Amino acid sequence: MIADAKHELVLVREFDAPREKIFKAWTDPELMMEWFVPRPWTVSKVENDVRPGGASLVVMRSPEGQEFPNHGVYLEVVENEKIVLTDAYTSAWVPSEKPFMTAVVLLEDLGNGRTKYTAKALHWRAEDKEEHEKMGFYEGWGKAADQLAEVLARN
């Protein structure tokens, strides 16, 4: 998947964990609730139908208790290698009111149980990319990746 720089934000990490564990952490609702948003935010609910066309719901909760449901649809799923998820649809192929981004997660086997993790946020408009960056994309997704590393070390 190719996007141009004015629409794309990218986070790359290397984890001391095999791709299978990272894929599971991205698709198992219980594990997602442990790491998916930067603390002190939490995830109160996850529903995943992990297959192309399958729906996703992640409800994020602010420290003040306000809930933010994020509906989406999986576009592509290659077990232990790739997940593509968009908020352009809310379920099945029902368009959302305002699509914001498509997330692409790539897992590359580095050998010896290590994985290169690339998380991309592809935006429809350059303004959405700028807004996401100002919202703290690098800090937030970076903290979530740190929390993911903690989950991987425990499981």
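Six or more apart or on different chains, Cβ atoms under 6 Å: show the pairs whose first residue is in region 99-119 and under 11 Å from Glu81 (Cβ atoms) and whose second is open to solvent by 70 Å² or more (accessible area, probe 1.4 Å) and not in a strand (DSSP E or B).
Within 6 Å, the pairs are Leu107/Glu81.
Checking Lys24 against (1) part of a helix (DSSP H, G or I); (2) charged (D, E, K, R); (3) touching a strand residue (DSSP E or B) at 6+ places or on another chain (Cβ under 8 Å), only one condition comes out false. Which one?
Unmet condition: (3).
Only one of these conditions is not met by Leu11: (1) open to solvent by 80 Å² or more (accessible area, probe 1.4 Å); (2) in contact with a strand residue (DSSP E or B) (Cβ under 6 Å, 6 or more places away or on another chain). Which number is it?
(1)
I'm trying to understand the selection: among the residues of region 120-135, which are touching a residue at least 12 places away in the same chain (Cβ under 8 Å) and over 21 Å from Lys82 (Cα atoms)?
Arg125, Ala126, Asp128, Lys129, His132, Glu133, listed by residue number.
Only residues that are outside any helix (DSSP H, G or I) and either within 16 Å of Ala103 (Cβ to Cβ) or aliphatic (A, V, I, L, M) (or both): list them for region 33-48, please. Spell out the reasoning first.
First, the residues of region 33-48 that are outside any helix (DSSP H, G or I): 36-48.
Within region 33-48, Phe36, Val37, Pro38, Val43, Val46, Asn48 meet the criteria.
The values are calculated or read from the model by the stated rules, or taken from the named source; none is laboratory data. None of these values were measured; they are calculated from a predicted model. Ideal geometry is used to build each Cβ from the backbone, glycine not excepted, and the neighbour counts take in all protein chains shown. To get the accessible areas, we keep the full protein, side chains included, count just its heavy atoms, and leave off ligands, DNA and RNA. Shrake-Rupley method; radii C 1.70, N 1.55, O 1.52, S 1.80 Å.
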